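See structure below.
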Amino acid sequence: MAIDREMILQISGVNPKLCMKCGKCSGTCPAYDGMEYHPHQFVSMVENANLEPLLASESLYTCLSCMACIQRCPRQVEPAKLIEAVRLAVIRQQGCDHLLPDELPALLDPELPQQAIVTAFRKYKK
Amino acid sequence: MQKIGVFVCWCGSNIAATVDVAAVAEALGKQPGVVYATDYQYMCSASGQNLIKDAIRDYGLTGVVICACSPRMHEATFRKTISSAGLNPYMLEIANIREQCSWIHKDREEATKKAITMGTAAIAKVQLNTPLTQMKSPVTKRALVIGGGIAGMQTALDIADAGFEVDIVEKKPTIGGKMAQLDKTFPTLDCSSCIVTPKMVDTAANEKITIFSYAEVENVTGFIGNFKATIKQKPRYVDAEKCTGCGLCTTKCPSKKSLNEFNMGLNTRTAIYIPFAQAVPLVATIDPDACIKLKTGKCGLCEKVCEAGAIDYAQKEELIEREYGAVVVATGYNQIKPVQYEEYLYNQSRDVVTSLEFERLMSASGPTAGHLQCPSTGKLPRHIVFIQCVGSRGTACREKPYCSKVCCMYTAKHAMLVKDHYPEVECTVFYIDVRTPGKNFDEFYRRAVEQYGVHYIKGMVGKVEQGDGCLKVQASDLLDNRQLHLEADMVVLAAAIEPDPSARKIGTMLTASMDTNDFFSEAHAKLRPVESPTAGVFLSGMCQGPKDIPETVSQASAAASKVIGVLSKDFLLSNPCIAHSDPTLCNGCSQCQNVCAYGAISYEDQMVVDKGVRETRRVAVVNEAICQGCGACTVTCPSGAMDLKGFASNQIMAEVDAICN
């Protein structure tokens, strides 16, 4: 399932429309300088469904989840929850390239010894 | 059986777009008693009103039903219309098919059906209407103004100018309010004291105005034209008649550690004090919480030095009863103490101040005599950071949801004043939006940026920390997309303004409605902005919502003109839709008396003839001058004796029946 705006909003429970763009989250953030995209940009980029750059950015993992932005946001937007939701969505998607058991038989080479196949599964299951 | 005319208004497209008005007129025309039914584009227009008048004459109508907007909008208009055609004005019923039907529905068929039902109910009610006559009540030709700030003073001066007596009740020892504490005013930068102190003197000198300073309104009863107020005069422990305001006592008083309220607690004052040099009345007041004599019985220095013999430690609280025709609320505002904002260090650093405190620091009559100094070091600051919207425009529990309106302008003023006196001091303003709607306001703000070189940064301060001999400010710069780490010597917080805490009590006393922020509500947001929904109660200044001085003065004069409108009448016509009790049904239980919010119901012994038996019974009697027609007694009465004229129980039941059929 592709990551979209609705998915992020659902996971986070955050309504970015509450944001009045005061920038107090970014003024508060202790990890600001290590980030490519800053807390207020997260809120605005999710609201504008501009997710591609966020999903690929290291900024997701720079957030310390210290919750200072949540504490100080005058409009209760909770930017840290939004960042957490994007991070979660990315992590969940990493599991999406697994094969289903039913798909396996068609892919198996009959020439290959059973033992080699089992070993390969063990080896590459991660 | 009444002869009823039904008039269905289109209200342009407001009603006609959703409701099939012709179908409504046709359906209602078939109702029993209806002899004429029509629809028209604008029933409230002159030609619409003529249509009604002509129909009353041509068809000999005895009752009128108008299907149109809310009765709050045009009931008075249409009552006048039918009255001018010879009908009793209370033979009118309005079915509100706009606010309660066309505006809230989308489906035309359903809305039309509902409009017909509402019209049918109104027809059923008007069948049972009886002609009512308005009562006359006399008007006490004196006004009460609660609060002696610029709003209260202006209102009082304007009312007095029209020749009526006014009492100002001010809880502080002096009138003048917040404006007397301000240094300069925007956008002209003229001295606040220089324009407000002459007003204070004028107010005191006006022979029509009586000032009750250091007094509070304890209770108000009555109704428009006939209010009775109890004013609590707090003891000053100084005879205001004898005191000359020489101030000798204040130089001798040994209790010197009370916080000076006039200087926002930035310095101290003595227990006997005169708030400031231009105070009106210029009279000393003893603070009973600090006075050594009042607390321990020993001292009495002020009494010894007072040449006028004005000190009176035995003074007692006094209750004064006065009568008024109208009441003006001018209770003003306070700036919040941003103690909950730990990130801004307001509690921890003396160099973090609110803007009203900064105003005192800049004022020539302030604790530093107008010399800008860091409160902690006494040195001139090198860099001042101004933070906007502290506590305003938020939804979290420590925030006010509204914009405090004046902060953008006074911050620009502060920065400009600093730059004017000390060009070497750097000023940085952190803003979310700069809101400058007003004459010459945006030009003023641009001048701060362009001519004075004040740094405006779009972003918010995240936190302020105590550094080594300075304050460390961490903030975002949203336009440059970077985080700033600045060093500042002072931080000024544009903290939110809120209504004075006394407002809630006064609102309850006057039964004047307030919003969730404790600002007084106006009767109509656009068309009646200076009146409270409670008749005879008017609003002046910040008590109704954030506003600057010119707006406050305009509203104060507007409120005064409304008061003059009331006081200039010899009699007021009251609402005849009031309660009355049937003595033969009344069982004397007193429940109606208990629920009456206006104290309009009393009990007396009356001779009652019931089923041929004469006997004396204790029955309810309604004072027609006080009853407001709220109907609380009619629903409480267990025996059905209490009924409301114009909204009688049988009329309401007829409406319900009409809807159910």
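Values as computed for the structure displayed
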{"quantity": "Identity of the residue in region B:470-482, open to solvent by 10 Å² or more (accessible area, probe 1.4 Å) and in contact with a Gly (Cβ under 7 Å, 6 or more places away or on another chain), that ends up farthest from the other protein chains (Cβ to nearest Cβ)", "calculated": "B:ASP477"}
{"quantity": "Condition broken by B:LYS113, with the remaining ones in (1) open to solvent by 10 Å² or more (accessible area, probe 1.4 Å); (2) farther than 30 Å from B:THR331 by Cβ; (3) in a helix (DSSP H, G or I); (4) touching a residue at least 12 places away in the same chain (Cβ under 8 Å) satisfied", "calculated": "(4)"}
{"quantity": "Residue in region B:132-147 that is more than 28 Å from B:ASN623 (Cα to Cα), out of contact with any Lys or Arg (no Cβ under 6 Å at 6 or more places or on another chain) and modelled with pLDDT of 95 or more present", "calculated": "yes"}
{"quantity": "Leading residue by the ranking (most open to solvent (accessible area, probe 1.4 Å)) among those in region B:596-618 that are touching a strand residue (DSSP E or B) at 6+ places or on another chain (Cβ under 8 Å) and part of a loop (DSSP other than H, G, I, E, B)", "calculated": "B:TYR598"}
{"quantity": "Residue within region A:101-111 that is more than 14 Å from chain B (Cβ to nearest Cβ), touching a helix residue (DSSP H, G or I) at 6+ places or on another chain (Cβ under 7 Å) and closer than 30 Å to B:CYS397 by Cβ present", "calculated": "no"}
{"quantity": "Members of region A:14-40 that are without any contact (Cβ under 8 Å) to a residue 12 or more places away in the chain and of a type outside the set (D, E, K, R)", "calculated": "A:GLY27, A:TYR32"}
{"quantity": "Residue within region B:257-264 that is more than 28 Å from the chain's Cα centre (by Cα), open to solvent by less than 60 Å² (accessible area, probe 1.4 Å) and over 30 Å from B:GLU323 (Cβ atoms) present", "calculated": "yes"}
{"quantity": "A:ILE83 more than 14 Å from chain B (Cβ to nearest Cβ) and assigned to a helix (DSSP H, G or I)", "calculated": "yes"}
{"quantity": "Which numbered condition B:GLN41 fails, given (1) of a type outside the set (D, E, K, R); (2) under 14 Å from B:VAL8 (Cα atoms); (3) open to solvent by less than 50 Å² (accessible area, probe 1.4 Å)", "calculated": "(3)"}
{"quantity": "Listing of helices (runs of 4 or more DSSP H) fully contained in region A:1-65 that carry 3 or more residues being facing another protein chain (nearest Cβ under 10 Å), closer than 29 Å to B:ILE457 by Cα and modelled with pLDDT of 95 or more", "calculated": "A:24-28, A:39-47"}
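The rows are residues; the columns are (1) within 19 Å of B:ALA16 (Cβ to Cβ); (2) among the aliphatic types (A, V, I, L, M); (3) buried (at least 22 other Cβ atoms within 10 Å of the Cβ).
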position: B:GLU93; (1), (2), (3): no, no, yes
position: B:GLU99; (1), (2), (3): yes, no, no
position: B:ALA124; (1), (2), (3): no, yes, yes
position: B:LEU132; (1), (2), (3): no, yes, no
position: B:MET135; (1), (2), (3): no, yes, no
position: B:ALA143; (1), (2), (3): no, yes, yes
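The values are calculated or read from the model by the stated rules, or taken from the named source; none is laboratory data. Here the structure is a predicted model, which is why all the values come from computation and not from measurement. Note that we place each Cβ from the backbone using ideal geometry, even for glycine, and neighbour counts take in every protein chain shown. Ligands, DNA and RNA are excluded from the accessible area calculation, which covers all protein heavy atoms including side chains. Shrake-Rupley method; radii C 1.70, N 1.55, O 1.52, S 1.80 Å.
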